[in-house]
Amino acid sequence: LTQLAQHLVGGYKLQDRRIKSLIDSTNITIIPTMNPDGFDRGTEGKCTGGDYVTGRFNEGDVDLNRDFPTWRDLDQTYDEFTQGRQPETKALIDLILQEPWVLSANFHGGAVVASYPYDDYRTKGQKGIHATPDHDFFKHLAQTYADNHMSMKNQSHCTRWFFKDGITNGAEWYPLVGGMQDFNYLFSNGMEITLEVSCCKYPKSYFVNNLWDQNYESMIKYLEQVHQGVKGLVFDSSGFPVQNAKIMVENLVTGNKYKTVVTSEFGEYWKLLLPGTYRMKAEVPGCLKGGTYKSSSWQKFELRENAPLLEFDMTLEESACPR
């Protein structure tokens, strides 16, 4: 990730057309590690291990990717669902909730695969893929990374598991509670997948350049996926931007209803979607004193392969509350 940061900055200075276009149109944040204490404690060349000594756990002896709030905590307040969390977890929770993230990824070692939500099941005894309402786009994200990776689809490079096409649904691989990718999806607008990029958890330093070569095109291609779907602004009838308006999107061919996203403090919204035919509306939940609520009309739109991003603003009008 530090090499990615250097490459982006260097490419921009050299006026690399692809890198310049990406940086000019994208707010990119890179966090080299969430667990610096564990990384410092780990041993270079140690390929296995999942405890305090090997560096998986933080200084508080906690696996941070099991420490995030889950669907069980959705009805809790911020103070309730952050109580008792590790400082690193809480710092990431605050960052995720305070910024209008659209797309993210977290990097791990120990396998070579792109894993997408959900990681956790809701029903005891459930098996197989646990799909989100945005399953099609999540699978697209994972497949995009695997397709552009130099070896992720080659199962002979890491034989501990077999992953068809180099991707997996997290829960189908093995269910886990408290992961960061599920937290992002459930508690924010962000869509995140998990990228396992090395069969060895802590590879030798001389192998890092090889990992860069393996992952470079995938990382750039993944960042570029944020520029598809629909985005815009939501205004009230006086022309002021509306915060926390809900954006609802339905696929007019499949009937699928996607997870709603909410507008930022500046009235901005982003919704990642594949090419297709959709309808969309915005509304502010709850009735006003006069028995009205604020909502836009349904808007039909189409996304095409050669035009995957649509910019569309919506205006809310007051309508009678449904009885």
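Things to note:
- Within segment 72-89, tally of residues that are outside any loop (DSSP other than H, G, I, E, B) and open to solvent by 70 Å² or more (accessible area, probe 1.4 Å): 5
- Any hit, segment 178-192, residues being farther than 25 Å from residue 77 by Cα and either out of contact with any Asp or Glu (no Cβ under 6 Å at 6 or more places or on another chain) or buried (at least 20 other Cβ atoms within 10 Å of the Cβ) (or both): no
- Among the criteria (1) out of contact with any helix residue (DSSP H, G or I) (no Cβ under 8 Å at 6 or more places or on another chain); (2) assigned to a helix (DSSP H, G or I); (3) under 14 Å from residue 186 (Cα atoms); (4) not charged (D, E, K, R), the one residue 95 does not fulfil is (3).
- Any hit, segment 114-128, residues being closer than 23 Å to residue 230 by Cα and in contact with a strand residue (DSSP E or B) (Cβ under 6 Å, 6 or more places away or on another chain): yes
Quick grid of which residues meet (1) polar (S, T, N, Q); (2) in a loop (DSSP other than H, G, I, E, B); (3) open to solvent by 30 Å² or more (accessible area, probe 1.4 Å):
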{"site": "4", "(1), (2), (3)": "no, no, no"}
{"site": "15", "(1), (2), (3)": "yes, yes, yes"}
{"site": "20", "(1), (2), (3)": "no, no, yes"}
{"site": "23", "(1), (2), (3)": "no, no, yes"}
{"site": "31", "(1), (2), (3)": "no, yes, yes"}
{"site": "47", "(1), (2), (3)": "no, yes, yes"}
{"site": "51", "(1), (2), (3)": "no, yes, yes"}
{"site": "55", "(1), (2), (3)": "no, yes, no"}
{"site": "65", "(1), (2), (3)": "yes, no, no"}
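- A Cβ distance below 9 Å, combined with a sequence gap of six or more or placement on separate chains, defines the contacts here; from segment 139-150, residues that are acidic (Asp, Glu) reach residues that are open to solvent by 50 Å² or more (accessible area, probe 1.4 Å) in the pairs 147/153; 147/165; 147/221.
- Filter pass, residue 225 being open to solvent by 40 Å² or more (accessible area, probe 1.4 Å), on the phi < 0 side of the Ramachandran plot and touching a strand residue (DSSP E or B) at 6+ places or on another chain (Cβ under 9 Å): no
- Members of segment 33-45 found to be outside any helix (DSSP H, G or I) and surrounded by 14 or more Cβ atoms within 10 Å (Cβ to Cβ), listed by number: 34, 35, 42
- One residue from 164, 153 being of a type in the set (Lys, Arg), within 14 Å of residue 116 (Cα to Cα) and surrounded by fewer than 20 Cβ atoms within 10 Å (Cβ to Cβ): 164
- Per this entry, residue 121 is not counted among residues that are outside any loop (DSSP other than H, G, I, E, B) and among the hydroxyl-bearing types (Ser, Thr, Tyr).
- If the condition is being touching a residue at least 60 places away in the same chain (Cβ under 8 Å) and either out of contact with any Gly (no Cβ under 8 Å at 6 or more places or on another chain) or within 17 Å of residue 185 (Cβ to Cβ) (or both), then segment 256-268 contributes 256, 257, 258, 259, 261, 262, 264.
- Those residues of segment 279-298 which are surrounded by 15 or more Cβ atoms within 10 Å (Cβ to Cβ) and not hydroxyl-bearing (Ser, Thr, Tyr), in sequence order: 280, 281, 282, 283, 284, 294
- Residue within segment 267-278 that is in contact with a Ser or Thr (Cβ under 8 Å, 6 or more places away or on another chain), under 23 Å from residue 98 (Cα atoms) and either open to solvent by 30 Å² or more (accessible area, probe 1.4 Å) or not hydrophobic (A, V, I, L, M, F, W, C) (or both) present: yes
- Positions within segment 148-170 being in a helix (DSSP H, G or I) and out of contact with any Gly (no Cβ under 8 Å at 6 or more places or on another chain), in sequence order: 148, 164, 165, 166
- Checking residue 130 against (1) in a loop (DSSP other than H, G, I, E, B); (2) surrounded by 20 or more Cβ atoms within 10 Å (Cβ to Cβ); (3) within 14 Å of the chain's Cα centre (by Cα), the condition it does not meet: (3)
- Strands (runs of 3 or more DSSP E) contained entirely in segment 204-323, each with at least 3 residues that are modelled with pLDDT of 95 or more and touching a Leu at 6+ places or on another chain (Cβ under 8 Å): 229-235, 276-284, 299-303
The values are calculated or read from the model by the stated rules, or taken from the named source; none is laboratory data. Remember, predicted model here, so these are calculated numbers, not experimental data. Positions of Cβ are backbone-derived with ideal geometry, glycine not excepted, and every protein chain shown enters the neighbour counts. With ligands, DNA and RNA removed, areas are computed over all heavy atoms of the protein, side chains included. Shrake-Rupley method; radii C 1.70, N 1.55, O 1.52, S 1.80 Å.
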